[in-house]
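Derivation of every value follows stated rules applied to the coordinates shown; laboratory data play no part. Predicted model only: the values in this text are computed from it and were never measured. Cβ placement follows ideal geometry from the backbone for every residue including glycine, while neighbour counts extend to all protein chains displayed.
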C-alpha cells in the first residue's frame, strides 16, 4: 500500500498551487492538513503548475469533482490507516466514497461539518465502534452505506429523524438490539440490514419502500397485514434466515410491484391454497424451511411460473411435493411457539393439559428440528440454486452537481436509475474486492468454469443480491503498477449498452512483495440463452428465429457496433465479430460479448494464434475509416448466415454464398426464395428480403469504400422491418407462399 499512499501524497502536492487559486482558502487549508498528516514528501517537484485537476479524468485510486470552485465529490480507493479528520474541512462535499480501502477506527466527528453531504459510502473497510449519532445531523444526506465493516452497538436512534434518507445500507456489521422507529422516513426506498444481530421486534417500515432486506438477523415477530398491504412499491423483500413466527401472509405474493420474495429459514405457519393469487412479475420465490401446509398456489406451480424460480422444500406441503416434512411436524412446531393452527374446545384443566403438551412438544421435537434443518440445508447446498437478477430500484437525488465523474457510477446503485443508465437494469460499474468474487464462484470452483481461451478463464458466479455475473480472469505476466492499466480499465468501464455484454466492475490482485499486479478480474453481466447461431443455423435448435426476429437481431448487433465505434472515446474497432460472439439474454435480445480491448489483447496467451474465422477481412487498400469497415464486413457475414440459415465456416463459403445472392437478385422471386432458410422463407416479404440481400452484398464487398457505414446498415434494417410489418398487416389473409405473393419483381 506504500505506493498508493505516495500517489495520494503526490496528488495533494500537485494540487496545492492549483487549489490555492481555484478553491476557497478553507478547502485548500483542509487539503494541506491532510497532506501534512500523511507525511507528504516535500522534495518532489511539480511538473505542470497550470494543470487543472478538477477537470482531469479520475483514476482508479483517487478522483474528485468540482463545481463553481468547490470540491463536491471525493472518491478514494486502495488506501489504509485512519480516515483523516481534516476531511471535515471540505465543507462543500456532496458525495464522499471511500469504498474498498483499509480505513479503520471510528468515523471522524469532524465530518459532521459537511452539511451539504448527500451520499456517504464507507463500504468494505475496517471501521469499528458505534455508528455515531451525529450522522443524524447531516440534513442533506440521502444515501448512507457502511456495509462490510465492524460497526457494533445498537441501531442509531438518530436515523429516525433523517427524513431525507433514500437508502440505508448497514449490511454485514455487528449491530444488535431493536431497530429504531423508521415509519417517519417517508422517502426511504432501500433498507438493507442483512447480516447483523438486530431484533427481535420487526421494524416499522415506511410505505414507499422499494427494497427491504433483513436476512440473517434475529427478528422474531412478523409484520402486520395492514403494513404489508401498504407496500405497493415494494419490489424486493428478503426476510430469510431469521426467527420469524406467526402466520404467513398470502397477500405478499400479490403485491403489485414485487419481483423477489424470500421468507426461507423461518417458522412461519399457515395453509397455502391453490386459488391464491400472485403478481405476474415475480421472478423468485423462496418459501423453504418454514411450517407451511397445503398446496402451492396454481400461480407458483411449474406449469404456470415458467422461468420463475420457486423453492419450497422443508415445509409440510401435501404428498405431491418432494422433500417435505410430515404434517404433524409443522403442527407441533406451531404449538411449540405458542401458535395453535386451529381453535380447540375448552376442557377442564385445559391450562395443565396445554402446558404438558408444550413441554412434550419442545422436548420431543428439538432433536427432530435440528436433524431436519441440517438435512434441508445440505440439500439446498447441493442444488446451489441461485435466483435471477435482483429487481431494480428507483431512487432520486436532488441537487447533484454537473461535475459527474466516472467514479460516481460506482455509487449509483443507491442513487438514481438515470445514473444507472436507465433501461439497462444493471448494477453500476464498481471496484470489487477479491473476497466478493471468491464467494460468488465458490472460490473459483472448476464447476463454475464456463469458458477458457486466449483471453483467460471465464467463471459464472452470483453476487449476494442474486445477480448472475461472468468473471474473466486475466493473469498479468509482466509486473506493472495499477497506473499502467488505469486507462484500459476506465475504457472497460464504459462498455455499457443494451446490445453489449456490459461491464459491471473489476478487481485487481497484487503481489504482496512489491504491490505490482498479478491478476485482473473483469466482471460483466451473465447472458444465459446461448449464441445467435443457436437460433439461426444450429441443427440442434428447436426454436429458430422468425424472419422478423432476425431483422430485429441484426438491428441490435448493428447498434452495438455503432456504440463501440462512437459511444466511447477512443472507439473500439476491428473487433473480428462472429455470430457466436452474439449472445441472447432472458428476453432473447442480442448482446455482443467480444471487444478489441488492449487489456485483452495484451493478456492473450503467447504463441496462440487467434482463430481467423470466416469474417476475417480480405486484404485491400487502406483508406480513411477503414477500421470501421472491417467491422462492417464481419457484420455482413453474420447477416449472411441469418439469411441462408446455415453455418458459414470458411472464406470459401462466403464467396459461394455471395455469388448465389448476386445471381438471385437479378432473377425472379422463386430463385431468391430458394436460397433463404427454409424455416422462414414463407414469412418474408419480397421487399424486406431484397433489402437484406442487397445490404449483405454491400457489407461483404472486397473494396472498403463500397461498404456502407454502420449507420447506413441500421437505416436499411429498419426499413426492412417497416416494410415487413406493413406487408404482414396487408396480406394477413393470403400467406401460403409470401415470398411469391409480392408483385415486385426485378
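Quick one: Cα convex hull volume of the range 207-299, Å³ per residue?
Looking at the range 207-299, the number lands at 82 Å³ per residue.
Mind jotting down the distance between the C-alpha centroids of the range 125-171 and the range 495-564, whole Å?
Spelled out, the Cα-based centre of one part sits 37 Å from the other.
Using Cβ counts within 10 Å as a stand-in for footprinting exposure, how do 577, 252 rank, fewest first?
252, 577
If I model a spin label at residue 447 and residue 670 as a point 7 Å from the Cα along the Cα→Cβ vector, what separation in nanometres do I get?
5.9 nm
By how many nm would the segment from residue 280 to residue 227 grow when fully extended, if each residue of separation counts as 0.36 nm and the alpha-carbon distance is taken off?
Length gained, residue 280 through residue 227: 16.9 nm.
Just check the range 682-725 against the gyration tensor rule for me: Cα atoms, a ≥ b ≥ c as the square roots of the eigenvalues, rounded for a/c under 1.5, and otherwise prolate or oblate depending on whether a/b exceeds b/c.
Taking the square roots of the gyration eigenvalues as a ≥ b ≥ c, the range 682-725 is oblate.
Between residue 140 and residue 538, what is the label-point separation in nm under the 7 Å Cα-to-beta-carbon projection?
About 5.2 nm separates the two model spin labels.
Rounded, prolate or oblate: pick one for the range 431-526, where a ≥ b ≥ c are the square roots of the eigenvalues of its C-alpha gyration tensor, a/c under 1.5 means rounded, and failing that, prolate if a/b is larger than b/c, else oblate.
Here the range 431-526 falls in the oblate category.
For Cα pairs less than 8 Å apart in space and 6+ apart in sequence, what is the mean separation divided by the residue count of the range 431-526, i.e. the relative contact order in percent?
Reported relative contact order: 28 percent.
Can you compute the modelled spin-label distance between residue 207 and residue 184, with each label point 7 Å from Cα toward Cβ, in nm?
The modelled label-to-label distance comes out at 1.8 nm.
From the square roots a ≥ b ≥ c of the eigenvalues of the alpha-carbon gyration tensor of the range 162-227, which class results: rounded (a/c under 1.5), prolate (a/b over b/c), or oblate?
Since a/c reaches 1.5 but b/c is at least a/b, the shape of the range 162-227 is classed as oblate.
Would you order 276, 693 from fewest to most other beta-carbon atoms within 10 Å of each residue's own beta-carbon?
With the sparsest Cβ surroundings first, the list reads 276, 693.
Can you put 452, 641, 436, 130 in order of Cβ neighbours within 10 angstrom, beginning with the fewest?
Ordered by Cβ neighbours within 10 Å, fewest first: 452, 130, 436, 641.
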